[in-house]
Structure formats: structure tokens, C-alpha cells
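See structure below.
Bear in mind that the values in this text are calculations on the coordinates, not laboratory data. It should be emphasised that the depicted structure is a prediction, and the values quoted were computed from it without experimental measurement. Counting neighbours? That spans all protein chains shown, and the Cβs are built from the backbone with ideal geometry, glycine included.
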């Protein structure tokens, strides 16, 4: 009786495992795309750490190149904390 039950349930278990693996793989691919979307940069005001918007697209993924207003010079662009309007975390060039 046990071998008959095992023989009949094994294909169902394999199919269930395959379907759940497909869903996990799909959700993992979606997360990586969301992290690489460009962010709008902000620069610090000279007298405080408050932010002013600037037209430059940057990323939060660390790289050797900091995101600056001009490609090779100018102030560094930062990510803005929406609750306090502070610029603390630098952004990076893609």
C-alpha cells in the first residue's frame, strides 16, 4: 500500500516543485530590473545639507564613478531622503 501511494504521488510532487521553481525564478528576475532603474539626482545647497533638484540620471548601485552634474566635473549628485529633504547618500554613474 505504501509503495502504491508513493508511486502515485511522486509525479504530482515533481510537478508542484517545478511550478514553484518557475515562480521563484520569475520574481527574482523582476527584482534585479527594479534596482537598476535610473534615479533623479539632487545637489546640496551650499549652506546646509538640504537638497535642490538637478537634471541628471544616476543609480544607487555603487561603482567607481560618482554621479556629477557635468560628466567629469561639477557637484556630486545625491539621493534625497523624502521625509527630511536631506542629501546624504551619493549616487553613481551607470
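Of the residues making up segment 40-84, those that are within 20 Å of the chain's Cα centre (by Cα), assigned to a loop (DSSP other than H, G, I, E, B) and surrounded by 13 or more Cβ atoms within 10 Å (Cβ to Cβ) are 60, 67, 77.
When 79, 86 are checked against the criterion of being in contact (Cβ under 8 Å) with a residue 40 or more places away in the chain and either more than 14 Å from residue 39 (Cβ to Cβ) or touching a strand residue (DSSP E or B) at 6+ places or on another chain (Cβ under 7 Å) (or both), a single residue qualifies: 79.
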